[in-house]
Amino acid sequence: MENWLRRVGFVYVAGTDEVGRGCLAGPVVAAAVVLHPDRHISGLADSKAVPAEERAALYSEITASALAWAVAAADPTEIDRINIHQASLRAMQRAVLSLAPLPDIVLVDAFRVPDLPMAQRGVLHGDRRCAAIAAASIVAKVTRDRQMIELHSVDPRYGFDRHKGYATADHLDAVARFGYSDVHRRSFRPPTLFDTMD
């Protein structure tokens with residue numbers, strides 16, 4: 001898709017994606033990436049389908065070779081104030097608008113991002129179909145996982161280093177024991193264990 005867009009005249013084609021929508025704790029993190037058309041990165045895929053070590057290696061390659069990349073987040077307070085969907089869109093908007101140079105067009109995983117001053121296209125299952133969206137997914141996932149490990153070092157009671165804020169059994173046990181911390185989303189109620197990992 002990116003190659004086709006370049007052929008019809010778009011120069012800087014960005015992909016954007018977010019991670020952390022389904023978590024009980026921590027921010028939602030978005031990334032935007034403009035890949036270099038002459039620097040192919042093999043192994044790009046939806047971040048959820050890539051093992052952690054491989055994700056870290058891809059993150060390094062993406063951030064070293066991309067024409068532009070940026071990350072942005074919405075913290076739990078903002079998520080509680082405006083809801084997770086709106087917070088995710090705002091994080092993606094901030095990431096895109098932080099790119100330098102700004103892209104000519106933005107490919108978005110499924111949604112339309114409001115208030116962008118450039119063309120955009122929502123792509124269903126975009127993190128599987130577009131290299132730039134997959135790259136953004138990986139950058140966002142690695143960034144957020146590192147943030148959750150830092151939060152664990154501040155407050156190890158919840159095991160954020162293991163589950164990264166998702167509603168796993170041990171996370172729910174910790175919430176039952178200790179209540180919500182400052183980094184938990186107050187508007188989220190623990191889901192059933194059947195709809196945890198996004």
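How much of the pair distance distribution for the chain lies past 23 Å, counting alpha-carbon pairs only, in percent? Value for the chain (Cα pairs over 23 Å): 42 percent.
Of interest is the spacing of the C-alpha centroids, which for the stretch 18-51 and the stretch 69-140 amounts to 10 Å. Excluding Val183 itself, calculate the net charge of residues whose Cβ lies under 14 Å from the Cβ of Val183, where each Lys or Arg counts +1 and each Asp or Glu counts -1. Residues near Val183 contribute -2 overall. Considering only Gly165, Gly126, Gly22, give the residue with the highest GNM mean-square fluctuation for the chain, with springs between Cα atoms whenever their separation is below 10 Å. For the chain, modelled as a Gaussian network with Cα springs under 10 Å, the answer is Gly22.
What accessible area per residue, rounded to a whole number of Å², is obtained for the chain using a probe radius of 1.4 Å?
Accessible area per residue: 47 Å².
In this label model, Asp104 and Tyr180 are separated by 4.5 nm, measuring between points 7 Å along each Cα→Cβ vector.
What do you get for trypsin sites (Lys or Arg not before Pro) in the stretch 32-103 restricted to DSSP loop and a cutoff of at most 16 other Cβ within 10 Å of the site's Cβ?
Values: sites: Arg39, Lys48, Arg55, Arg81, Arg90, Arg94; in loops: Arg39.
Passing sites in the stretch 32-103 are Arg39.
Just checking the listed ones, Pro103, Pro114, Pro76: in the Gaussian network model of the chain with Cα springs under 10 Å, the one fluctuating most is Pro114. Val34 sits among other residues whose Cβ lies under 12 Å from its own Cβ, and their net charge, with Lys and Arg +1 and Asp and Glu -1, is 0.
Springs join every pair of Cα atoms under 10 Å in this Gaussian network model of the chain, and among Tyr158, Tyr59, Tyr180 the largest mean-square fluctuation is at Tyr180. Mean residue ellipticity at 222 nm, helices only, the chain: -12500 deg cm²/dmol; runs of at least 4 DSSP H residues each add -39,500 (n - 2.57), and the sum is divided by the number of residues. Taking label positions 7 Å along the Cα-Cβ direction at both Ala52 and Asp38, the computed distance is 3.8 nm, reported to one decimal. Label positions at Ser187 and Asp115, each projected 7 Å from the Cα along the C-beta direction, are separated by 1.5 nm.
What length, rounded to one decimal in nm, is gained on full extension from Arg6 through to Glu150, with 0.36 nm per residue of separation minus their alpha-carbon distance?
Values: separation 144, 0.36 × 144 = 51.84 nm, distance 3.92 nm.
Taking Arg6 through Glu150 to full extension adds about 47.9 nm, to one decimal.
Across the accessible surface of the stretch 27-173, with the other protein chains kept in place and a 1.4 Å probe, carbon and sulfur atoms take up 51 percent. Here the Karplus curve 6.51 cos²θ - 1.76 cosθ + 1.60, taken at θ = phi - 60°, turns the phi angles of the stretch 150-156 into couplings of 5, 5, 5, 5, 7, 9, x Hz, with x standing for Gly and Pro.
The values are calculated or read from the model by the stated rules, or taken from the named source; none is laboratory data. Because the structure is predicted, anything quoted here is derived from the model rather than measured. Cβ sites come from the backbone with ideal geometry, for glycine too, and all protein chains shown count toward neighbours. What goes into the accessible areas is simple: the full protein's heavy atoms, side chains included, and nothing from ligands, DNA or RNA. Shrake-Rupley method; radii C 1.70, N 1.55, O 1.52, S 1.80 Å.
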